[in-house]
Structures are given as structure tokens and as C-alpha cells.
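K.L.:
Mind looking over this structure? Questions follow.
Laboratory data are not the source of any read-out in this text; all were calculated from the coordinates shown. Keep in mind it's a predicted model, so treat the numbers as computed, not measured. Note: ideal-geometry Cβ built from the backbone for every residue, glycine included; neighbour counts use all protein chains shown.
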Amino acid sequence: MSEISVLDLQNLRHLIGGYDNSHCKMTEYASQCKDPEIKKLFTDAANSAMKNKQDLMKFL
């Protein structure tokens with residue numbers, strides 16, 4: 001694999017941090033929901049953000 005530039009690392013850090021933040025927020029929103037459909041939407045969004053974060057971590 002070719003080397004990752006400093007700019008690429010900074011971009012990865014930014015994206016990973018954003019997905020981590022989204023995961024935390026969506027998990028918190030889901031925990032506060034009463035409606036099961038909305039709770040599922042937030043839970044699915046949290047799971048998607050975590051998967052995206054893990055996929056990006058593979059580049060490091």
C-alpha cells in the first residue's frame with residue numbers, strides 16, 4: 001500500500017471524529033425515544049455511523 005500523506009491523515013481524523021460524534025448523538029437520541037419507529041431510525045443511523053468509522057479506521 002502506498003504511503004498516506006499528512007493531508008490524508010488529517011482528513012481521515014476529521015471524518016472518523018465526525019462519525020464517532022454522530023454515533024454518540026444518535027445512540028443518545030435513540031435512548032430517549034418512546035416511539036419504536038423513530039427509535040429504530042436513530043439506532044440504524046448510529047450503527048451506520050459506527051460501521052463507517054470502522055471502515056475508515058482500516059486505512060490507518
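K.L.:
Of the residues SER31, SER2, which is over 13 Å from LEU60 (Cα atoms), small (Gly, Ala, Ser) and free of Cβ contacts under 8 Å to residues at least 12 places away in the same chain?
P.N.:
SER31
K.L.:
Within the range 5-42, take every residue that is under 20 Å from GLN54 (Cβ atoms) and basic (Lys, Arg) and give me the one that is farthest from the chain's Cα centre (by Cα).
P.N.:
Of the residues in the range 5-42, the ones under 20 Å from GLN54 (Cβ atoms) are 8-28, 30, 42.
Next cut, basic (Lys, Arg) only: 13, 25.
Numbers: ARG13: 12, LYS25: 10 Å.
Selected residue: ARG13.
K.L.:
I'd like the residue in the range 27-60 that is in contact with a Leu (Cβ under 9 Å, 6 or more places away or on another chain) and of a type in the set (A, V, I, L, M, F, W, C) and, out of all such residues, is surrounded by the fewest Cβ atoms within 10 Å (Cβ to Cβ).
P.N.:
LEU60
K.L.:
So, of the residues in the range 23-39 that are outside any loop (DSSP other than H, G, I, E, B) and of a type in the set (Lys, Arg), which turns out to be farthest from ASN11 (Cα to Cα)?
P.N.:
LYS39
K.L.:
Follow-up. Report, ordered by the first and then the second residue, all pairs with beta carbons closer than 6 Å, sequence separation of six or more or different chains, a first member in the range 40-60 that is under 21 Å from LEU12 (Cβ atoms), and a second member that is polar (S, T, N, Q).
P.N.:
Correct list of pairs: ALA46/THR27; ALA49/SER22.
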